[in-house]
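Working notes, beginning with the structure itself.
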Amino acid sequence: MDIDLLSKMVKELILDDDRVVLPGLGCFVAEIVPASFSDKGYTINPPYRKLYFRSRPDEGDALIDFYAKSNNVDFEVAEKIIKDFLMELKSILHVKKTVVFPGLGRLRATKENNLFFIADEDLDIYPMGFGLEPISLKTHNETREEVSAAVVGLKAILDEAPQETVSELEPVVEPEPIVEPEPVVEPEPVVEPDPAPVVEPQPEPQPAPDPEPEKEPESEPEPEPELETKTKGKAGKTLLIILAIIAILLIAYMAIGRLCPDLVDRILYSPEELKILNQNI
């Protein structure tokens, strides 16, 4: 028994079943992910099956039955071989933190020995989706053959359209011209002469008063140099306070990282991986 054989058996069983139990270690689970959009909605991704590992204990003898039938051994013998190998695999995971399953992905362990699985990017365990590929909705440059085929198709559509004869067309009725009435000429009004204007005596001009002398604008007081010095001093103090706050936050982060290592896992792993990690072994 080796890791290559175990990986092949898991991949063979997961094609027909959604769950393959590894006794004493956990189980592989496959679920269908529906079609989705990406690239800002311009690409349609087909559905696929996602494989992940659940470290929660579960019951199932499919792996043991498959090994017993493939090697022509009794169920008890196959059960002992597989359980012994999985116990050794669990010890390796606690030490090396990573075990590669060829053709599937990598099974990893955290500092607290919680197990999670990272599948290979090209893993295909969805036979029903064979041949499905992402579809791009973006425009593409058409070739000469595509343009020629489009022109031929349009020409065929135009040839099939029925042609209307001249007799079927309705006669065009021209509108009658509109006769405008002649304008009526009104007599011009008689303009009477204006009476002679009465000249009133104008008062004698009085001498204008002497203009008052303009006041000189008062000069604005120059800013005192002490205000600039105080402003620079306040800016320097503010900068020192900000640097002190940053240093305190860094020290607090390092202390929390030692006291609460769970926070480090939240930073290192995605929410989906954390959901798997939080499951009890």
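Bear in mind that the values in this text are calculations on the coordinates, not laboratory data. What you see is a predicted model, and the numbers here were worked out from it, not measured in a lab. Reconstructed Cβ throughout: ideal geometry from the backbone, glycine too, with neighbour counts over all protein chains shown.
Can you sort Lys90, Lys138 by how many other beta carbons sit within 10 Å, fewest first?
Lys138, Lys90
Simple point charges give the picture: +1 on the Cβ of Lys and Arg, -1 on the Cβ of Asp and Glu, and for the stretch 1-91 a dipole about the Cα centre of about 480 debye.
Taking each residue as 0.36 nm, the span from Phe75 to Met1 lengthens on full extension beyond its C-alpha to C-alpha distance by 25.1 nm. Summarising the label geometry, the points placed 7 Å from Cα in the beta-carbon direction at Asp16 and Val33 lie 2.7 nm from one another.
Just to verify a number: FRET efficiency for Asp65 and Leu274, C-beta to C-beta distance, R0 = 45 Å, to 0.05? Efficiency for this residue pair is about 0.85. Entry note, the stretch 3-138: relative contact order of 28 percent, from Cα contacts under 8 Å with a spacing of 6+ residues. As a proxy for reagent exposure, Phe85, Phe75, Phe101 were ordered by neighbouring Cβ count within 10 angstrom, fewest first; the result is Phe75, Phe85, Phe101. The modelled label-to-label distance between Asn45 and Lys234, using points 7 Å beyond Cα along the C-beta direction, is 5.3 nm. In terms of other Cβ atoms within 10 Å, Phe37, Phe28 run from fewest to most in the order Phe37, Phe28.
Could you list, in their original order, any pairs among Lys8/Lys275; Lys40/Lys138; Lys8/Lys111; Lys50/Lys138; Lys50/Lys96 whose Cα atoms are separated by more than 18 Å? Don't skip to the end; give the middle numbers.
Numbers: Lys8/Lys275 27 Å; Lys40/Lys138 11 Å; Lys8/Lys111 28 Å; Lys50/Lys138 27 Å; Lys50/Lys96 25 Å.
Lys8/Lys275; Lys8/Lys111; Lys50/Lys138; Lys50/Lys96, as the Cα separations exceed 18 Å there.
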